[in-house]
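Inspection log for the structure reproduced underneath, given as structure tokens.
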Amino acid sequence: MTLLATRPEPIDIEPAATAVVIVDMQNAFASPGGMFDIAGHDVSGAAAAVEATGRVAEAARAAGSPVVYLQMGYSSDLSTGGGPDSPNYQKELALVVMRERPELSGKLLVEGTWDWQIVDALTPRPGDLVVAKTRYDGFVGTDLADRLRAGGLRNLLFCGIATNVCVESTARSAFFNEYWPILVTDAMNHAGPDFMRDATEWSFEHVFGWLCTARGAVRFFA
């Protein structure tokens, strides 16, 4: 067991049973000209989160711990987003923006597009796992749980975007399914006002899991 510097208290966990889960580090959410930027969300904090995520991922790979990417996206006909009777169809930002702005139809979070691609700085390496998803929660409609179980993984260090949407949704689901969710706070970027980030961090420090920094995660894997 190895001590990981977390809040509210350090925890002893086994690196061999720990994975880094990188959530939606895609051009849509992290790059100027991507879907978030087009919709008016501030993406200025994404570059620092991408850099911190890269350091954590490299440390995990060097230690032999898995790196798992979650990648949000829809089929070209958007059928995987759900129809008008689906709450995802009504609320998910890419689907909403494409309906409101027909000139963007087929360009936001559609598989194979630039918007859908993982940012260049975090291109998956051979041996990394990439799990495609169509909902905020990375466990819904995917084989994520099967892959984690197959690897004997219980401890999940979360990086990604957005802190308060897909990261939080997946990390809460992890908690409900007996995984240990740990948010790497400086390796994430949030959507909306800063209090949304603060609310997610409070919830995980006090209710759903633990918080650490990229520096702490790198030391854990060293």
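If you check Thr53 against the conditions, is it surrounded by 14 or more Cβ atoms within 10 Å (Cβ to Cβ) and modelled with pLDDT under 95?
Against the criterion (surrounded by 14 or more Cβ atoms within 10 Å (Cβ to Cβ) and modelled with pLDDT under 95), Thr53 does not qualify.
Tell me which residues, restricted to segment 84-100, are surrounded by fewer than 17 Cβ atoms within 10 Å (Cβ to Cβ) and touching a residue at least 40 places away in the same chain (Cβ under 8 Å).
Result: Asn88, single match.
Restricting attention to segment 59-72, which residues are within 29 Å of Thr134 (Cβ to Cβ) and not basic (Lys, Arg)?
Ala60, Ser65, Pro66, Val67, Val68, Tyr69, Leu70, Gln71, Met72 - these are the residues of segment 59-72 that are within 29 Å of Thr134 (Cβ to Cβ) and not basic (Lys, Arg).
Go through segment 117-141 residue by residue and tally those that are part of a loop (DSSP other than H, G, I, E, B), more than 13 Å from the chain's Cα centre (by Cα) and either exposed (fewer than 12 other Cβ atoms within 10 Å of the Cβ) or without any contact (Cβ under 8 Å) to a residue 60 or more places away in the chain (or both).
7
Working carefully through the options Val184, Val167, find the one that is surrounded by 22 or more Cβ atoms within 10 Å (Cβ to Cβ), in a helix (DSSP H, G or I) and among the hydrophobic types (A, V, I, L, M, F, W, C).
Val167
Just the residues that are part of a helix (DSSP H, G or I) and in contact with a helix residue (DSSP H, G or I) (Cβ under 7 Å, 6 or more places away or on another chain), please, taken from segment 67-116.
Hits for segment 67-116 are Gly81, Asn88, Tyr89, Leu93, Ala94, Leu95, Val97, Met98, Leu104.
For segment 59-83, which residues satisfy the criterion of being over 20 Å from the mean Cα position of the chain (by Cα), under 29 Å from Leu156 (Cα atoms) and surrounded by 15 or more Cβ atoms within 10 Å (Cβ to Cβ)?
Of everything in segment 59-83, those that are over 20 Å from the mean Cα position of the chain (by Cα), under 29 Å from Leu156 (Cα atoms) and surrounded by 15 or more Cβ atoms within 10 Å (Cβ to Cβ) turn out to be Ala63, Gly82.
The values are calculated or read from the model by the stated rules, or taken from the named source; none is laboratory data. Quick caveat: nothing in here was measured; it's all calculated off a predicted structure. Ideal geometry is used to build each Cβ from the backbone, glycine not excepted, and the neighbour counts take in all protein chains shown.
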